[in-house]
Amino acid sequence: MRSLEKKQTQRAPKGGAARHDSRVLDLHRSTDTRERVLVVAQTLFAERGYRGTSLRDIARGVGIKAPSLLHYFPSKEQLYVAVLDRILEGLEDSANRVLMGRESYQERARKAIADAIDYIASRPEPMRIIWREMTEQHGVGRQLFKRRLPPLFAMGVNFLFRGQRAGEFREEVDPFHFLLSLNSITLGYFTTAAMVRRLWNQNLLEPTVIERRKREVLDMVERTLFVQKPPAGGMGPLAV
């Protein structure tokens, strides 16, 4: 009898461990499925827009039934906002890493712009969603934009103000309008790529073309924003 009780006691942890392993596996599967839902939804929202995409389309792309999708996101609007929120969070993280660095303001500006172009180039789908949301008057994500975009924009404006006080950026440049212009020539470039290809058969998304575009944008920023330092060992234009 004691021998039987001992065996049962020894087996109990195995059953508990098996149940624990099963719960962990279910959690991983749930997390993986949720991630796949977000990825597929992002692709379809970028291609078709919010109104042109149905939950049934997304579920089919993930390989699950529409009712199963509702377990992760109860409505299409909530799913769309989750996709948009993740995109904006990535932009915030990228900006924070660069703008809060210790290099000179000019170096941080160069790096922030180069990184932004690389970020957008590697993520054309999220940027199409952002651009569509920015240009639609009554976009589904307007409340999220009101909450997330002003702090992100303020971070850039404050960075430019600090650079002006440090004597690295031109004082006559308006930081707010400068950022608006910079947004247009970076984000706008990628959102019009498909139209440019249709009309002029030019591929703006080729790596070599993007690198050239990056150099052109950086050159424009340096000439427009940066306080130019005199050549080393000279006195600028008056040097003889």
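No value in this document is a laboratory result; all are computed from the given coordinates. Computed from a prediction, not measured in an experiment: that's the story for all the values here. Please note: Cβ atoms are built from the backbone with ideal geometry, for glycine as well, and neighbour counts cover all protein chains shown.
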Arrange the following residues from fewest to most other Cβ atoms within 10 Å of their Cβ: Val140, Val196, Val37. Val196, Val140, Val37
Residues in segment 151-193 reached by a label modelled at Leu199 [backbone nitrogen below 14 Å; 7 Å Cα→Cβ]: 189-193
About the Cα centre of segment 77-227, what is the dipole size in debye to 20, counting +1 per Lys and Arg Cβ and -1 per Asp and Glu Cβ, all else neutral? 100 debye
³J(HN,Hα) computed for each position of segment 172-179 - Karplus, 6.51 cos²θ - 1.76 cosθ + 1.60, integer Hz, glycine/proline x: 6, 7, 7, x, 4, 6, 5, 5
At what distance in nm do the modelled label points of Gln143 and His177 sit from each other, each positioned 7 Å from its Cα along Cα→Cβ? 3.5 nm
FRET efficiency estimate (nearest 0.05) - Cβ-Cβ, Glu206 to Glu136, R0 25 angstrom: 0.30
Residue-ordered couplings for segment 199-205, obtained by feeding phi - 60° into the Karplus form 6.51 cos²θ - 1.76 cosθ + 1.60 and rounding to whole Hz (Gly and Pro as x), are 7, 10, 6, 10, 9, 6, 9
Quick check on the exposure proxy: order Tyr119, Tyr80 from fewest to most C-beta atoms within 10 angstrom. Tyr119, Tyr80
Order of Met127, Met134 - criterion: other Cβ atoms within 10 Å of each residue's Cβ, fewest first: Met134, Met127
Sorting Gly156, Val81, Ile130 by the position of each Cα along the dipole of segment 80-178 (Lys, Arg +1; Asp, Glu -1; all at Cβ), the one nearest the positive end of that ordering is Val81
The long-range amide H neighbours of Phe169, using H built 1.01 Å from N in the peptide plane and a cut-off of under 5 Å, are Gln164, Val227
In order through segment 42-54: 3J(HN,Hα) via Karplus (6.51 cos²θ - 1.76 cosθ + 1.60), integer Hz, x for Gly, Pro: 4, 4, 6, 5, 5, 6, 10, x, 5, 6, x, 10, 10
